[in-house]
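Have a look at the structure below before the remarks.
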Amino acid sequence: MSSVEQNATVIARVTGNVPRSQRFANSVRRWWPYYVMLAPGLLFFLVWHYFPIWEAKMAFEQVRIIPPNLWVGLKHFQTLFASPVFYQVLANTLIISTLKILFVFPVPIIVALLLNEVRSGRLRKFVQSAIYLPHFLSWVVIAGVFIAILSPSDGAVNQITGFFGAKPVAFMTDGNSSRWVLVFSEIWRSAGWDSLLYLAAIIGIDQSLYEAAELDGANRWQKVWHVTIPGIVPTIATLFILNMGMFLSADLNQVINFLNDVNRGQIDILDTYVYRIGLRTGEYSLATAAGLFKAVFGMILILSAHFVSKRLTGKGVW
Amino acid sequence: MAAPRGTAIRRTPLERIEYAIIVTTLLAMVVVMLQPILNLLAVSFSDPSRVAGKSGLDIWPSGFSLDVWMLLLQHPNVQRGILNSIFITATATFIGVVGTALMAWGLSRPNLPGRRVIFLLVLVTIVFEPGIIPDYFLMKRMGLLDSYWSVILYKAVNAWYLIILVRFFEEIPEELLEAAELDGANAFQIFFQVVLPLAKPALATIALFYLVFHWNEFFRAMIYLNDQTKYPLQVVLRQFVVEGDKLAIVGADNAANNIGVAQINLKALKAGMIIITILPILAIYPLILKFFTKGTMSGALKG
């Protein structure tokens, strides 16, 4: 190698103008350990999240006992959109999600505002420790708890309403109340824990704003209204939009534990419908088509939620 | 906002009443959250013959008896359920934490070539989920149906927890890593000797997330496992309490002849099963409060 060429290589290395192949070799030498560490996790994502996307092509096929399956295009989607059951479960899903947004969503905000007023740190800690607990119980357990609470013979709720002279109601099997059972069990599970996010936002509010309000003679409610609530509006907005992104879900894990033959008309949602026709009745393709319908519209919702949230509050879904 | 203690703030009677209302509301909430669980606990320790008609408002056992607990803990279905749950939860949590930590570390390096692409691959999985039927057929194709591994490996690395850990690793000061590099440590040594010790609280948080998630998981176990002897506790509980399938615990012979188990009040058995299932959560609850609260407060939205 002539000295001129040698100089060129040195210069190239310094200026970063290294030949492509060499740059690649350097890169590999520098980064291979990181790729080795990444690999198992990445493999999991590819297998458990990307293979199913491939499997979902079943929605466009006639499943045959002896492969290969037959390509039938949009036939299953046509069947789906012509089926009255589909519109019923879609309506149930939308109604349940709406009820949850209206009646579940505001509760943790109120809880956080109340908690924030508690002056004794010990009392606040005690309340928090108690009301966070239900969040960590499975929906099977919560359904079990609600079956007990709502029992028409000796459940706590009917004991209380009975004290005021009301007749016992079998809430779990009463079609009229089953949506409300979903709402209340969701409140029971998440009202405490979800308040934590708002409490975190409240703690982040600039203390001097409260001092200024006090100097102006503001009372408790005026401080809450003019300082605390404006301070947590971004958090409220983010969580609201996030909830909207999950609008088509309505929580399979919850509903499947409250669903029975009596209340099916009220609380059968898209996910439980997919589960039933797919894994119980064996209409795989139709179920996959219904699942894909939910996946595609769910994706549109989440993406919209993400970009709207990013624009409004600077915080996205991820 | 809480006033600093020691400063004398004069409160009007109205303010005192307001405060009393606020505290009462919160205490009422505590009662609503805890009373149902205390009631089930009381029922499970009551004398089985006195359980029928026992008010749901009671939080004290009627009489005292360990019959329900002895019976449940000696019951083969419950014992197997407990062992299955422990095995699945422990294995899945271990795999989850290791996989998530390693992957998060790689993804947290800002200059890693391909970082954006891999991130995108992960984000797509949050946004688009093709549903339970394709998942089921993947399990079938891989021959994992009816195997513990179907439940253990299903989405073993959680995208949300991964993002939380990546955020945490990104905060580690660059100088620390450079110093280790100058000392001649290679990438693996840096990870295991510098990064992991720093990340202990974050890893504990993630481990608890996985632990709670896997202990409480029932749906996948329900659809992937056919063999009843492989059912985790949640599925046994679901059969017995939610689906009201007496035979899950009582057994066909006993039910038919009304002997042994069947004589014990079903309500008491159900209460006992629920308490057994939440016992591990109660046992680690102090840890949960410590780590979850911090993990969630520090900006992670999902928990």
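Only a single item in (1) touching a Lys or Arg at 6+ places or on another chain (Cβ under 7 Å); (2) at pLDDT 90 or above is not met by A:PHE293, and it is number (1). In the set (1) in contact (Cβ under 8 Å) with a residue 24 or more places away in the chain; (2) surrounded by fewer than 19 Cβ atoms within 10 Å (Cβ to Cβ); (3) facing chain A (nearest Cβ under 7 Å); (4) over 19 Å from B:ARG167 (Cβ atoms), B:THR91 fails one condition alone, (3).
Just for the range A:140-178: of the residues that are assigned to a loop (DSSP other than H, G, I, E, B) and in contact with a Ser or Thr (Cβ under 6 Å, 6 or more places away or on another chain), which one is nearest to A:GLN254 (Cα to Cα)?
A:PHE171
The residue of the range B:282-301 that is modelled with the lowest pLDDT, among those that are facing chain A (nearest Cβ under 9 Å), under 13 Å from A:LEU196 (Cβ atoms) and surrounded by 14 or more Cβ atoms within 10 Å (Cβ to Cβ), is B:LEU301. Would you call B:VAL30 modelled with pLDDT under 95, of a type in the set (Val, Ile, Thr) and either in the same structural domain as B:LEU269 (by TED's automatic domain parsing) or buried (at least 16 other Cβ atoms within 10 Å of the Cβ) (or both)? No, not satisfied. Restricted to the range B:194-238, and to residues that are aliphatic (A, V, I, L, M), touching a residue at least 40 places away in the same chain (Cβ under 8 Å) and more than 30 Å from B:ILE133 (Cα to Cα), which residue is surrounded by the fewest Cβ atoms within 10 Å (Cβ to Cβ)? Filtering first and then ranking leaves B:LEU196. Could you check, for the range A:219-229, whether at least one of its residues is in contact (Cβ under 8 Å) with a residue 40 or more places away in the chain, under 21 Å from A:LEU94 (Cα atoms) and either among the hydrophobic types (A, V, I, L, M, F, W, C) or touching a helix residue (DSSP H, G or I) at 6+ places or on another chain (Cβ under 6 Å) (or both)? Within the range A:219-229, not a single residue is in contact (Cβ under 8 Å) with a residue 40 or more places away in the chain, under 21 Å from A:LEU94 (Cα atoms) and either among the hydrophobic types (A, V, I, L, M, F, W, C) or touching a helix residue (DSSP H, G or I) at 6+ places or on another chain (Cβ under 6 Å) (or both).
Taking the conditions exactly as written (acidic (Asp, Glu) and closer than 25 Å to B:PHE218 by Cα), does B:ASP135 satisfy them or not? Taking the combined requirement at face value, the residue satisfies it. In the range B:52-69 there is no residue matching the filter, namely being surrounded by fewer than 17 Cβ atoms within 10 Å (Cβ to Cβ), within 21 Å of the chain's Cα centre (by Cα) and more than 14 Å from chain A (Cβ to nearest Cβ).
Taking the listed residues B:LEU196, B:LEU237, B:LEU208, the one that is more than 11 Å from chain A (Cβ to nearest Cβ) and at pLDDT 90 or above is B:LEU196, with no other qualifying. Selection within the range B:244-281: residues that are surrounded by 14 or more Cβ atoms within 10 Å (Cβ to Cβ) and of a type in the set (D, E, K, R). The member of this set that is modelled with the highest pLDDT is B:LYS270.
Among the residues of the range A:31-38, is there at least one that is closer than 30 Å to B:GLN189 by Cβ, under 28 Å from the mean Cα position of the chain (by Cα) and not assigned by TED's automatic domain parsing to the domain that holds A:GLY278? The answer is yes, given that some residue of the range A:31-38 is closer than 30 Å to B:GLN189 by Cβ, under 28 Å from the mean Cα position of the chain (by Cα) and not assigned by TED's automatic domain parsing to the domain that holds A:GLY278. Scanning the range A:213-228 for residues that are surrounded by 15 or more Cβ atoms within 10 Å (Cβ to Cβ) and outside any helix (DSSP H, G or I) gives a single hit, A:ALA218.
In the list A:PHE247, A:PHE293, A:PHE240, which residue meets the criterion of being of a type in the set (Phe, Trp, Tyr) and either within 25 Å of A:PHE171 (Cβ to Cβ) or within 10 Å of another protein chain (Cβ to nearest Cβ) (or both)? First the steps, then the outcome.
Details: A:PHE247 fails: either within 25 Å of A:PHE171 (Cβ to Cβ) or within 10 Å of another protein chain (Cβ to nearest Cβ) (or both); A:PHE240 fails: either within 25 Å of A:PHE171 (Cβ to Cβ) or within 10 Å of another protein chain (Cβ to nearest Cβ) (or both).
None of the other options fit; the residue is A:PHE293.
Taking (1) within 11 Å of chain B (Cβ to nearest Cβ); (2) of a type in the set (D, E, K, R); (3) in contact with a helix residue (DSSP H, G or I) (Cβ under 8 Å, 6 or more places away or on another chain) in turn, A:GLU211 satisfies each apart from (3). Against the conditions (1) more than 26 Å from A:SER304 (Cβ to Cβ); (2) surrounded by fewer than 16 Cβ atoms within 10 Å (Cβ to Cβ), A:LEU199 satisfies every one except (2).
Does the range A:273-300 hold any residues that are among the small types (Gly, Ala, Ser), within 19 Å of the chain's Cα centre (by Cα) and crowded, with 24+ Cβ neighbours inside 10 Å, and which are they? Residue satisfying the conditions is A:GLY291 alone. When every residue of the range A:130-139 is checked against the conditions, at least one turns out to be buried (at least 16 other Cβ atoms within 10 Å of the Cβ), facing chain B (nearest Cβ under 10 Å) and over 27 Å from A:LEU252 (Cβ atoms). Taking the criterion of being under 18 Å from the mean Cα position of the chain (by Cα) and not aliphatic (A, V, I, L, M), the residues of the range A:248-272 that qualify are A:SER249, A:ASP251, A:ASN253, A:GLN254, A:ASN257, A:ASP271, A:THR272. Which of the residues belonging to the range A:247-290 are outside any helix (DSSP H, G or I) and of a type in the set (Val, Ile, Thr)? Hits for the range A:247-290 are A:VAL262, A:ILE269, A:THR281.
Kindly indicate the residue of the range A:140-152 that is free of Cβ contacts under 8 Å to residues at least 60 places away in the same chain and facing chain B (nearest Cβ under 7 Å) and also surrounded by the fewest Cβ atoms within 10 Å (Cβ to Cβ) among those meeting that condition.
My answer is A:SER151.
All conditions but one from (1) surrounded by 21 or more Cβ atoms within 10 Å (Cβ to Cβ); (2) away from every other protein chain (no Cβ under 12 Å); (3) over 30 Å from B:MET222 (Cβ atoms); (4) not acidic (Asp, Glu) apply to B:PHE191; the one that does not is (2). When you look at A:LEU90, is it within 20 Å of A:VAL255 (Cβ to Cβ), buried (at least 18 other Cβ atoms within 10 Å of the Cβ) and facing chain B (nearest Cβ under 10 Å), yes or no? Criteria not met by A:LEU90.
Yes/no matrix, rows are residues, columns are (1) loosely packed, with under 14 Cβ neighbours inside 10 Å; (2) more than 24 Å from the chain's Cα centre (by Cα); (3) more than 10 Å from chain A (Cβ to nearest Cβ); (4) not acidic (Asp, Glu):
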{"position": "B:PRO110", "(1), (2), (3), (4)": "yes, yes, yes, yes"}
{"position": "B:ILE118", "(1), (2), (3), (4)": "no, yes, no, yes"}
{"position": "B:VAL124", "(1), (2), (3), (4)": "no, yes, no, yes"}
{"position": "B:VAL127", "(1), (2), (3), (4)": "no, no, no, yes"}
{"position": "B:ASP135", "(1), (2), (3), (4)": "no, no, no, no"}
{"position": "B:ARG141", "(1), (2), (3), (4)": "yes, yes, no, yes"}
{"position": "B:TYR148", "(1), (2), (3), (4)": "no, no, yes, yes"}
{"position": "B:ILE152", "(1), (2), (3), (4)": "no, no, yes, yes"}
{"position": "B:ILE164", "(1), (2), (3), (4)": "no, no, yes, yes"}
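Of the residues examined, A:GLY231 is one that is assigned by TED's automatic domain parsing to the domain that holds A:PHE297, part of a helix (DSSP H, G or I) and surrounded by fewer than 21 Cβ atoms within 10 Å (Cβ to Cβ).
The values are calculated or read from the model by the stated rules, or taken from the named source; none is laboratory data. These figures come from a predicted structure and were not determined experimentally. Because the Cβ atoms are built from the backbone with ideal geometry, glycine has one as well, and the counts that use them run over all protein chains shown.
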